[in-house]
Structure formats: structure tokens, C-alpha cells
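What follows is one structure encoded as C-alpha cells, with my remarks underneath.
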Amino acid sequence: MNAAGHTVVALLSRTLNMDYLVDALHSAFGQAGQTVELRQADADGGPTALGNGAEVDVALCWEPHHGLWGQMPNVRLVQSLAAGVDHILEDATLPRHVPMARIRDPHMASAMAAYVAWAVTSEHRQMDGYLQEQAKTVWSKPVVVPATHYRVGIAGMGTLGAHCARVLAAIGYDVRGWSRSPSSAPIEGVQHFAGDGERGAFLNGLHALVCLLPLTDSTRGVMNRDLFAQLAPGAHIVNVGRGAHLVEADLITALDAGVLGRATLDAFVTEPLPPTDPLWHHPQVRVTPHIATRTAAPVIASQTAHHWVQVLAGAVPDSAVDVSQGY
Ligand code: NDP
């Protein structure tokens, strides 16, 4: 809290200009009966814009500058402006006892499902081939594998993965989902698998694998050559999780050897993807610039304000994260 008694919200990012959140945050906190002072220690403002960090109540983060937490001893809510929190947890100086929350947004799930449906259907139906044939005025009708014979696995059956599974099952795909614990809300038409014990059965013979896992110690590097060997020959990898889920060198080797047929990648270890990265020009790789889904500023602002009001009331924020599990 500042000297005037206003809640101080620090906007923390080393990669993003957070101007787009300012109006929405004033409006959402105002509606929650709170007056706020915003401090933009973001890509443009830099760490010095934090001012007196002891006054910070709420830290709203996307890839925050490392080592700043020691300056904010009174922070009471750490809020991610996205679904993932790996970008916050990677700083060892983070005070892990402070409540942490993420965004849960139905629009985010719907945009993710649209992206995943595009990735899966366009590869399954070989749509790129028709575009190439159009350029040559070729009219051909290859055999279509029925969706019911096309096995799609969703690794990570959380808010986003479960919605993707529902949409793919509605199209008619043979859908499997994998989570850490057994599903408490099974989805009709989806085969559920849980834990490391059922991982092999989940992966076995998949034509497409969609990664929607959080990035944690147990999921880093999960998509590697051992995993690729368990899929159907020529399978398709769709990575909409985080870049570090995928071992890039293994992916390129597997594509070149025909173990995999295609990769659609939306997340990368280094973003923006450096111009020298071989993924840009690999003929079987489709690159999109981390756009599978985004959350609008008013949603981020209203959930942040709501979580803050819950913290003030001594309650656990609705979308609290289990810091010990990393998601
Ligand atoms: P949730 O936290 O809601 O769900 C995570 C799912 O992963 C849960 O089903 C969880 O299992 C499962 N899981 C976690 N660890 C393991 C493990 N070791 N083995 C098997 N399953 C595991 O996350 P969201 O659905 O909201 O988001 C998922 C991820 O999507 C984010 O963390 C982020 O990385 C990525 N993302 C990408 C975006 C993009 O534009 N490309 C945008 C937004 C998010 P259980 O149910 O048992 O807990």
C-alpha cells in the first residue's frame, strides 16, 4: 500500500510492454472498490520503475525480471497474466509462501481448441497438399482416412486440454487424454489415461500428439526420441505447451528419419524464435509465433482484482496454483 492508502500493483515483465493492461486494471479494481497505483516494471519501464518495492501488494507477472522479489517483502498476491506460471517459478528468489494465481478464461480455451483443431485436421486431411495442387491447377481426390481411425492424444487434460479433447471428439476423432491424476470429470468419447504408469498406453500408436502440459520438473523435455518411437510411424507433434517440453534436436532427427511426419509448433525455448533456428526452414515444420490463444486485458484485470479481494478476505484465490507441483 502506498502513502495515500492505495493498493500498489506491480506490472512485472522483462519481455512485454504492459501498457495495454493499465485502463482495464484501473477499471476492474475500481469496480472491486479498490483504488490502485500501478508501477510498470516491464520491458520498457525496467526494474527501477518498481520504486519503493516495500509498498507492492500485488505482482502481476509475465516473465518478470529475475531477482526483484527481495525488494517486495510485503507482496500478498503473485498473479500470472497467463495460464502458465513456469515463467514466474523459474526465479529461485520467488517467495513460495505467497499465494499465486493464474488466469482461467473460457475464451482462451475456445481459441486454443480452434488452433488445435486446425493443426490436427489440416494434417490429417493433407490440406497443404491441396494448396500446392491449386497452384498447379491439379484436381485430385486422395483417399481420406476416417476421423474415427485417426488417433489423437492430448497430453495435459486441464482447462485447455479438456476443451480441445471435447472439440476433437465432436469432430469424430479417436481421442485419448493424459493427466497426472485420474480424471474426475471424464469426457464422453475420450479415453482417459493417468500418471507415468499409463503413459505408454496413452502414447501407443497415436497419429497426432498435442502437448498442453504445464512446464514443470517432470514435464521438461518430455517430447524426445523415446516418446516419438512410441507413436504411429509418421506421427504429427503439435506443441502448444512450452518450448522446453520438446527436445528440438530429437525432433529434427525424427522428422528427417520419417519417424515423425510433421510438427506444428507454437512455443519455443527462445522467443521470438531466432532467425538462425533450423525450425524456421524445415519443410515438415509449421511455426506460429505463440499465438494459439491470448487472454484479453479485461479478463486479466477482472480476475486479478477478484483474486486480490479474495486474498484481502483471507480466502484462497479461485485460480490458485499449487506452487509445490509447479502448476
Ligand atoms: P492446467 O493446469 O489447467 O492443466 C494441466 C494439465 O496437465 C492437467 O490435466 C494436469 O494433470 C496435467 N499434468 C501436469 N503434470 C503432468 C504430468 N507430469 N504428467 C501428466 N499430466 C500432467 O493447464 P491449462 O490447461 O490451463 O494450460 C496448459 C498449458 O498450456 C500451460 O501451462 C501453458 O504451458 C500452455 N499454454 C499455451 C498457450 C499458447 O498460446 N501456446 C496459452 C496458454 C497456455 P491433473 O489434471 O492430474 O492435474
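The values are calculated or read from the model by the stated rules, or taken from the named source; none is laboratory data. None of the values given here were measured: they were computed from a predicted structure. Don't worry about glycine lacking a Cβ; one is built from the backbone with ideal geometry, like all the others, and counts go over all protein chains shown. These area figures cover heavy atoms from the full protein model, side chains too; ligands, DNA and RNA do not enter into them. Shrake-Rupley method; radii C 1.70, N 1.55, O 1.52, S 1.80 Å.
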Problem set entry | Sites excluded, GluC sites (Glu not before Pro) in DSSP loops with at most 16 other C-beta within 10 Å, longest stretch of the chain | 189-327
Problem set entry | Backbone HN-Hα couplings from phi across the range 124-134 [Karplus 6.51/-1.76/1.60, Hz, Gly and Pro as x] | 4, 8, 6, 5, 4, x, 5, 5, 5, 5, 4
For this session: Could you work out the Kirkwood radius for the chain, taking every pair of different alpha carbons, averaging 1/r and inverting it, reported in Å?
Result: 21.2
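I'd like to check one number: the per residue accessible area of the range 109-287, probe 1.4 Å, reported in Å² as a whole number. All intermediate terms of the calculation are to be shown ahead of the outcome.
Values: 8790 Å² over 179 residues.
That works out to 49 Å² for each residue.
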Seminar exercise, completed: The relative contact order of the chain, taking Cα pairs under 8 Å that sit 6 or more residues apart, comes to a percentage of 17
Problem set entry | Label-to-label distance, nm, for residues given as residue 257 and residue 104 (7 Å Cα→Cβ offset) | 4.1
Problem set entry | residue 131 accessible area, assembled protein chains, probe 1.4 Å, Å² | 110
Exercise. Can you list, largest first and rounded to whole Å, the semi-axes you get for the range 164-208 by taking the square root of 5 times each eigenvalue of its Cα gyration tensor?
Worked result: 18, 14, 6
Problem set entry | Phi to ³J(HN,Hα) by Karplus 6.51 cos²θ - 1.76 cosθ + 1.60 over the range 72-89, Hz, x for Gly, Pro | 10, x, 10, 5, 10, 8, 9, 10, 7, 8, 9, 7, x, 10, 4, 5, 9, 5
Seminar exercise, completed: Ranking 308, 101, 209 by how far each Cα lies towards the positive end of the charge dipole of the chain (+1 on Lys and Arg Cβ, -1 on Asp and Glu Cβ), the top one is 209
Exercise. Computed FRET efficiency, Cβ-Cβ of residue 44 and residue 93, R0 22 Å: what is it to the nearest 0.05?
Worked result: 0.45
Exercise. Fully extended, how many nm does the chain gain between residue 54 and residue 171 (0.36 nm per residue separation, minus their Cα-Cα distance)?
Worked result: 36.9 nm
Exercise. What is the set of long-range amide H partners of residue 194 at a cut-off below 5 Å, with H atoms built 1.01 Å from backbone N?
Worked result: 179
Exercise. For the Cα atoms of the chain, what angle does the longest principal axis make with the long axis of helix 159-171, in degrees from 0 to 90, nearest 10?
Worked result: 30
Exercise. Taking 1 over the mean of 1/r across every pair of different Cα atoms in the range 109-287, what Kirkwood radius in Å do you get?
Worked result: 16.6
For this session: Sticking with the crude label model, points 7 Å out along Cα→Cβ, report the distance from residue 17 to residue 138 in nm, one decimal please.
Result: 4.6
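Explain nothing, just the number: relative contact order of the range 109-287, from Cα pairs under 8 Å at least 6 residues apart, as a whole percent. Could the numbers behind the result be given before it?
Values: 308 pairs, mean separation 29.5, N = 179.
Rounded, it is 16 percent for the range 109-287.
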Seminar exercise, completed: Scoring the range 209-294 by relative contact order with C-alpha pairs under 8 Å, at least six apart, yields a percentage of 28
Problem set entry | Long-range amide H partners of residue 40 with built H, under 5 Å | 11
For this session: Quick one: angle between helix 22-31 and the longest Cα principal axis of the chain, in degrees between 0 and 90, rounded to 10, please.
Result: 70
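What value, in deg cm²/dmol to 500, does the helix sum -39500 (n - 2.57) over DSSP H runs of n ≥ 4 give at 222 nm once divided by the residues of the chain?
Details: 9 runs with 90 residues, N = 327.
That comes out to -8000 deg cm²/dmol.
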Problem set entry | Under the Karplus curve 6.51 cos²θ - 1.76 cosθ + 1.60, θ = phi - 60°, whole-Hz ³J(HN,Hα) for the range 108-120, x wherever Gly or Pro sits | 5, 5, 5, 5, 5, 5, 5, 5, 5, 5, 4, 4, 6
